[in-house]
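Just below is one structure, and these are the notes that go with it.
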Amino acid sequence: MDIKQKASLFAIVSAAILAIGKFSVGLISGSMAVTSSGLDSLLDVFMSGMNFFAIKKAAKPADHEHQYGHAKSEDLAAIIQSLVIVFSGAAIIYTSIDKFLNKGMITYSRLDIGVMVSSLVFTIAVSTVLKVVGKKTGSKALMADALHYMSDLYSNSAAIIAIIITYYTGKTYFDLLFAVIIGFIIIFSAIKIFRDGLSGLMDTSIPEKTEKEIENIIDAMPFPYAGYHKFRSRLAGNKKYLDFHLLICRKALVEEAHNLADVIEVKITEKMQDIDVTIHIEPCPNNCELTAETCVVLKMRIQKST
């Protein structure tokens, strides 16, 4: 089990503990606020479970039916989760406005405060772990899960603030105000996760800065290197794919050309994690005396640097 799967499993167990705790306190106190929060934690268990299986699927090696691997499983999970997050944000806004217009009763107890504060601490821990591991591994599924728990953090914080203000002022519209603000924060935050997941499914190129770093590695190669073209890249989950045509001096031996391609591949994989490099070797089309001194490409490189 890799670090991504461990982080996802940690989120599942934490969400399950929160759901059991909130449901227990909600049944004892009769608070619908806490019971609803328990349902939200139950949804977290489902979403984190889906992410766990998506990450596990993405980690599988390529097979006959999926010759480029299963990395896009994470992109698909991120899109599904972003849609659920948007729905959750819209539901919070709708329910809050409906409750305010129909003058629904809002009651809190000490048990409610206790479980919400405990939930806040748990949520901070889970969200931090998922975000750190997600950034470290480039996992879109974990980043989406981190955002989902962060939305819980916002809603739990808002609930605690609303409880305190409502208790001291007796005005229940603060509950509506905080809930609506948090609902919009959740919706707008989910848009980035949706776009990132969609970019993976649509084979979007790797970031321009990363491409430039790779091009600098290629262009720094010595003779018989003679340039490159047809440079392409794409993203799939946390995996990067790169292919290009490497131009080699026509006098170079096949073994010499292959060794140069190996050097380029090693240098790229040393600098970038989770990247698959495919290099097609072609003879240089330029006319020269086939020496390092007369190489047209090397001369152009020297002129460009001066």
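What follows draws every value from the coordinates through simple rules; no lab data is involved. Keep in mind that this is a model prediction, so the values were computed, not measured. Methodologically, a virtual Cβ is constructed for each residue, glycine included, from the backbone with ideal geometry; neighbour enumeration extends over all protein chains shown.
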Pop a pseudo-label 7 angstrom from the Cα along the beta-carbon direction at both His258 and Met202 and give the gap in nm to one decimal. 4.0 nm
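Just subtract the alpha-carbon distance of Gln273 and Thr291 from 0.36 nm times their residue separation and send over the number in nm, one decimal.
Result for the pair: 2.9 nm of gain on full extension.
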